[in-house]
1. When you go through Ala78, Ala43 one by one, which is the residue that is of a type in the set (A, V, I, L, M, F, W, C) and at pLDDT 85 or above?
2. Taking Tyr114 as meeting all but one of (1) among the aromatic types (Phe, Trp, Tyr); (2) at pLDDT 90 or above; (3) not assigned by TED's automatic domain parsing to the domain that holds Asn27, write down the number of the exception.
3. For region 250-276, give me each residue that is among the hydrophobic types (A, V, I, L, M, F, W, C) and buried (at least 17 other Cβ atoms within 10 Å of the Cβ).
4. Give the residue that is farthest from the chain's Cα centre (by Cα), with candidates limited to residues of region 81-94 that are closer than 28 Å to Phe227 by Cα and at pLDDT below 90.
5. Return the residues of region 189-230 that are exposed (fewer than 14 other Cβ atoms within 10 Å of the Cβ), in a loop (DSSP other than H, G, I, E, B) and within 19 Å of the chain's Cα centre (by Cα); say none if nothing qualifies.
6. Considering every residue within region 96-106, establish whether at least one is farther than 30 Å from Ala189 by Cβ, out of contact with any helix residue (DSSP H, G or I) (no Cβ under 8 Å at 6 or more places or on another chain), surrounded by 12 or more Cβ atoms within 10 Å (Cβ to Cβ) and touching a residue at least 60 places away in the same chain (Cβ under 8 Å).
7. Which of the strands (runs of 3 or more DSSP E) contained wholly in region 1-94 include at least 3 residues that are among the aromatic types (Phe, Trp, Tyr), touching a strand residue (DSSP E or B) at 6+ places or on another chain (Cβ under 8 Å) and crowded, with 18+ Cβ neighbours inside 10 Å?
8. Would you mind finding the one in Ala293, Ala222 that is modelled with pLDDT under 95, closer than 22 Å to Gln177 by Cβ and of a type in the set (Gly, Ala, Ser)?
Amino acid sequence: MYITDYITGTVIQGLGNGRKFGFPTANVQPDAPVSIEKGAYAAWVRYDGKRHKGMLYVGTRPTLNLHGLTYEIHIIDASPRLYGKQIAFKPVYKIAEEKKFKCQEELINALLKYKRSAKVLLTPAWSIHLNPTLFHIKEIMEIIEQAKRRMKERGLDQWQDGYPDEATIRNDKRKHQGHYFLKWHEPAAYAAIVFDKDPYYEKIDGQWLSDGVPYIAVHRLAVADKFLGLDMARHVLKFAERKARSKGVQWFRIDTHHDNLPMRNLIRDFGFTFCGVVQVRDGKRMAYEKRVADNA
């Protein structure tokens, strides 16, 4: 299960059991029908213009002998009063299936465990392997193939003609621009971080913010299925921005397919400005640019 967009809803009056157990929750009534499997999830939560780590429960609360389906969110490291407010949430990693516990003590112990898991899952913990070895290329290609499959399932024609292939990744390695990211010591993401001028960016139907000055670009950004929703792509962009700043490069360019909405949302949220359309090897792409942040 991977939900691209946040689910919105209103916090309604609950029974208050979560607060009694030491886990105050916001009972959310979604604005539209949603389909989420029952269970406990690590989730991102947005309210009052900010994003927070959260733990989402979807189920009927069998331990309490209740039956109605509920969406309950516990905000990690905060106890806000949200009754009546609009809230948005996005489950990103399923921690456990719904279960009927023998007693309230067993339930509370499970909630403590789930909360620790959610906090770890939503906390950045990754490392970078520069210039991947031949051994890593196979794992990188697995990540890229997963991204290709997801694009195909969404009806995108991007990356559906064999590109990027193993030769492309080996060329990234040769040029010292391939970056292989691990999370919890597992293959999580790949990206080419490029400081050379991109020939496809020389001509744009629009106008770049900068003109003729050095810039950094990120290409072939792909995230493994297992780590979708855990902000890996955002971490890659932050890493690229830090590299640019360390080299005194002040501009950052990127492009994506018009219908690649998750990537477009990420690009927008990261502060890029839409500059126009560029023609790349397999079609037109929306092109963006931003000034490198002082702190990334």
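The values are calculated or read from the model by the stated rules, or taken from the named source; none is laboratory data. Worth saying up front: this structure is predicted, and the values here are computed from it rather than measured. Cβ atoms come from the backbone with ideal geometry, glycine included; neighbour counts cover every protein chain shown.
1. Criteria check complete, one pass: Ala43.
2. Going through (1) among the aromatic types (Phe, Trp, Tyr); (2) at pLDDT 90 or above; (3) not assigned by TED's automatic domain parsing to the domain that holds Asn27 one by one, Tyr114 breaks only (3).
3. Those that are among the hydrophobic types (A, V, I, L, M, F, W, C) and buried (at least 17 other Cβ atoms within 10 Å of the Cβ): Trp251, Phe252, Ile254, Met263, Leu266, Ile267, Phe270, Phe272, Cys275.
4. Of everything passing the filter in region 81-94, Lys94 is farthest from the chain's Cα centre (by Cα).
5. none
6. Taking every residue of region 96-106 in turn, none turns out to be farther than 30 Å from Ala189 by Cβ, out of contact with any helix residue (DSSP H, G or I) (no Cβ under 8 Å at 6 or more places or on another chain), surrounded by 12 or more Cβ atoms within 10 Å (Cβ to Cβ) and touching a residue at least 60 places away in the same chain (Cβ under 8 Å).
7. 39-47
8. Ala293
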